[in-house]
Amino acid sequence: MTRTESADRVRLPEHPPSEFRRSAGRFPTGVTVLTCVRDEEPHGMTVNAFTTVSLDPLLVLAVLKTGSRTTRQVLSGDGFAVTVLSSLQEPAARSFADPVRARGSAAFSAVAHASAPRTGAPVLLGGIAYFDCRVESVHPAGDHTILVGAVQAFGTLSEEPALLFSRSRLGAEPDPRSP
């Protein structure tokens, strides 16, 4: 049986996009803030579609909403940073997800951050890890854009539990330090 023959036998019921989103939301994800610097101004957005891709070479992947202001800023340059958020950073996650948030330096005024070593993009210091990346490739995917980054620098920032997103809610992973 070929892949096409198999697909012809399976007929999935039609569902509205909201039902797809509800079903997909049952899969817990980590929460990150992806940042860049363009024209000497920092930009950032909350991203929960992030994963490592390869150890050789070191690659990560993030999925960004096509057409958003921050996506345009990220794609107009050659580098970005990703901070994996800790459970203590729910306010930052919400702030960088807000479509009417402050822009530029004002968006970073309430959060401790430092410049990533290679790209200079902001790294949120309360996070648990960061990845400083060069844009490796960009792929259109429906109403989103897949961004693959070649990791130039990375590090652990803290041992706090990670911030997770599941069923449209933010929460902490179980504390790995607890017995």
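The values are calculated or read from the model by the stated rules, or taken from the named source; none is laboratory data. No experiment lies behind these values; they were computed from the predicted model shown. Just the protein is used for accessible areas: all its heavy atoms, side chains included, with ligands, DNA and RNA removed. Shrake-Rupley method; radii C 1.70, N 1.55, O 1.52, S 1.80 Å.
Rounded to the nearest angstrom and listed largest first, the equivalent-ellipsoid semi-axes of the stretch 106-163 from its Cα gyration tensor are 23, 14, 13. When the alpha carbon gyration tensor of the stretch 62-109 is reduced to an equivalent ellipsoid, the three semi-axes, largest first, read 19, 14, 11 Å. Could you let me know the centre-to-centre spacing of the stretch 121-142 and the stretch 46-75, using Cα atoms, in angstrom? About 6 Å separates the Cα centre of the stretch 121-142 from the one of the stretch 46-75.
Amide hydrogen proximity for Gln152: with H placed 1.01 Å from N in the peptide plane, the residues at 5 or more positions away or on another chain lying under 5 Å are Asp132, Cys133, Arg134. Share of carbon and sulfur in the accessible area of the stretch 62-159 stands at 54%, probe radius 1.4 Å. Could you list log10 I(q)/I(0) for the stretch 27-179 at q = 0.15, 0.16 Å⁻¹, which the Debye formula gives when each Cα is one point scatterer? So the normalised log intensities are -0.72, -0.82.
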